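This report refers to the structure that appears directly beneath it.
The values are calculated or read from the model by the stated rules, or taken from the named source; none is laboratory data. Every value quoted in this text rests on a predicted model; they were computed, and no experiment measured them. Cβ placement follows ideal geometry from the backbone for every residue including glycine, while neighbour counts extend to all protein chains displayed. When the accessible area is computed, the model is the full protein with side chains, heavy atoms only, and any ligands, DNA or RNA have been set aside. Shrake-Rupley method; radii C 1.70, N 1.55, O 1.52, S 1.80 Å.
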Amino acid sequence: MEHSVEGILRGGKFKKLLENIMTDAKKRTNLNRVEIEVLYFLHRYGEQNTLTDICQYLQMNKGHISSTMDNLCDKGYVVYKRDDRDRRYVHYEITQQADSIIRDMDNAWKKMSERILSGIGREDLQTFNRVAKQIEDNIEMML
């Protein structure tokens, strides 16, 4: 496996980049990186709003994310609702209190994405996305 591909898969540099773009929001809100990532995930993927969905996206354990969700609820950034069909499931929704954080993250994410994808043509990006999806599927099958 190429060193650069392995580096992307490990995600260390990307996590550091995310940490950098969240600096202002973290200072202004007293939220940590994971809390901000959860809010932004819920904003971007509203239908995927269970604890399991969040854990899979962030690749973190349920205990850690569960306490993060409790903190976000206590701080008023998130509310939870029991599933109408299956009371075992809880769905999380962001509140208006998170709007400024979401706006900041939308702007930062857009700028970061533009810079990361700079010089990459649409066709190359489509190929990359297809290959990345196949790699993800292969890894999932191996697990």
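The table that follows gives values for the structure above.
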read-out: Qualifying residue in region 114-133 (condition: under 23 Å from ASP24 (Cβ atoms), at pLDDT below 90 and not charged (D, E, K, R)); value: yes
read-out: Hey, LEU17 at pLDDT below 90 and not hydroxyl-bearing (Ser, Thr, Tyr) or not; value: yes
read-out: Any chance ILE135 is touching a helix residue (DSSP H, G or I) at 6+ places or on another chain (Cβ under 6 Å), under 22 Å from LYS15 (Cα atoms) and in a helix (DSSP H, G or I); value: no
read-out: Test: ALA98 is crowded, with 16+ Cβ neighbours inside 10 Å and modelled with pLDDT under 85; value: no
read-out: Lone qualifier among ILE54, ILE94, ILE101, ILE65 - being within 24 Å of ARG28 (Cα to Cα) and touching a His at 6+ places or on another chain (Cβ under 7 Å); value: ILE94
read-out: Residue satisfying all of: in region 50-67; of a type in the set (A, V, I, L, M) and not in a loop (DSSP other than H, G, I, E, B); most open to solvent (accessible area, probe 1.4 Å) among these; value: LEU51
read-out: Leading residue by the ranking (nearest to ASN32 (Cα to Cα)) among those in region 86-115 that are of a type in the set (Val, Ile, Thr) and in contact (Cβ under 8 Å) with a residue 24 or more places away in the chain; value: ILE101
read-out: Residue tally, condition among the charged types (D, E, K, R) and either assigned to a helix (DSSP H, G or I) or in contact (Cβ under 8 Å) with a residue 40 or more places away in the chain (or both), over region 68-84; value: 3
read-out: Subset tally (residues that are surrounded by fewer than 10 Cβ atoms within 10 Å (Cβ to Cβ) and charged (D, E, K, R)) for region 116-129; value: 2
read-out: Near pairs, Cβ below 7 angstrom, 6+ apart or cross-chain, from region 44-67 (among the aliphatic types (A, V, I, L, M)) to any residue that is at pLDDT 90 or above and open to solvent by 50 Å² or more (accessible area, probe 1.4 Å); value: LEU51/LYS62
